[in-house]
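Here the structure is laid out as structure tokens; the discussion comes afterwards.
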Amino acid sequence: AGLPRKPGMTRDDLFDKNASIAKGLVEACAEYCPTAVIGLIVNPVNSIVPAMCEFYKKKGLLPRRIVGITTLDVVRANKFVAERTGTHVADVDVPVIGGHAGITILPLFSQVPPMGKIGAEEIKAMDVRTQDAGTEVVQAKDGKGSATLSMAYAGARLGKAVLAGLEGDSANAVECAYVAVLEDGKKIGTTLPYFTTKVKFGRDGVVEDVRP
């Protein structure tokens, strides 16, 4: 984890301080527990995760052991769908792809059956609401932090998927995360080297990109 945002700050404003914090933690993991799966809850995820993965590559370690935790975007999108459609939130699973900042956060509402009767303009508004949700929390807390309990829940979800993968329970080892893309992105249709998508965890970290 790193420093939280304050009102008026973007995620990118945190890069200098949080990159230093993340680097210290990742360097320690590389030396003392190089086979660990590292989940980074640190903004800006879109910049820090690639930097840490490149560091791992230089050390001869697997960059797929480092993941950016973007599960909070999924949690928020699920909640918004549940509120709008009257569906129980446990029955909603919105894949959120792209990244973890502003317009790079792309919730795939069209893949959720309850959204079938919702118009395009309303879905667009829900896109924006999901993208701006973090900023709303920062403003609501008036300088006293950012999302805390919801972020802890999101981190726990990601952690459960990682543990399931380590145990060989592939059915429960899938979650959205920001990762180094496998196989030049052919399976998930992207040419970007880093991308948020559904991934499957195994004993070596992320072992498969799952097309949403």
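The values are calculated or read from the model by the stated rules, or taken from the named source; none is laboratory data. All of these numbers come straight from a predicted model, not from anything done at the bench. All Cβ positions, even for glycine, are placed from backbone atoms using ideal geometry, and neighbour counts span all protein chains on display.
Summary of computed values
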read-out	value
Count of residues meeting criterion [at positive phi and in contact with a strand residue (DSSP E or B) (Cβ under 6 Å, 6 or more places away or on another chain)] in segment 89-141	1
Residues (under 15 Å from Val45 (Cα atoms) and among the aliphatic types (A, V, I, L, M)) located in segment 58-73	Ile66, Val67, Ile69, Leu72
Qualifying residue in segment 15-34 (condition: assigned to a loop (DSSP other than H, G, I, E, B) and either of a type outside the set (A, V, I, L, M) or modelled with pLDDT of 95 or more (or both))	yes
Residue selected from segment 12-44 under the condition more than 22 Å from Gly202 (Cα to Cα) and of a type in the set (Val, Ile, Thr), by the criterion surrounded by the most Cβ atoms within 10 Å (Cβ to Cβ)	Val42
Cβ pairs under 7 Å, 6+ apart, first in segment 112-139 and over 20 Å from Thr87 (Cβ atoms) and in contact (Cβ under 8 Å) with a residue 12 or more places away in the chain, second part of a helix (DSSP H, G or I) and among the hydrophobic types (A, V, I, L, M, F, W, C)	Gln131/Ile103
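Residue by residue, here is whether (1) basic (Lys, Arg); (2) farther than 21 Å from Asp73 by Cα; (3) at pLDDT 90 or above; (4) within 14 Å of the chain's Cα centre (by Cα) holds:
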position: Leu149; (1), (2), (3), (4): no, no, no, no
position: Glu175; (1), (2), (3), (4): no, no, yes, yes
position: Thr190; (1), (2), (3), (4): no, no, no, no
position: Pro193; (1), (2), (3), (4): no, no, yes, no
position: Val207; (1), (2), (3), (4): no, yes, yes, no
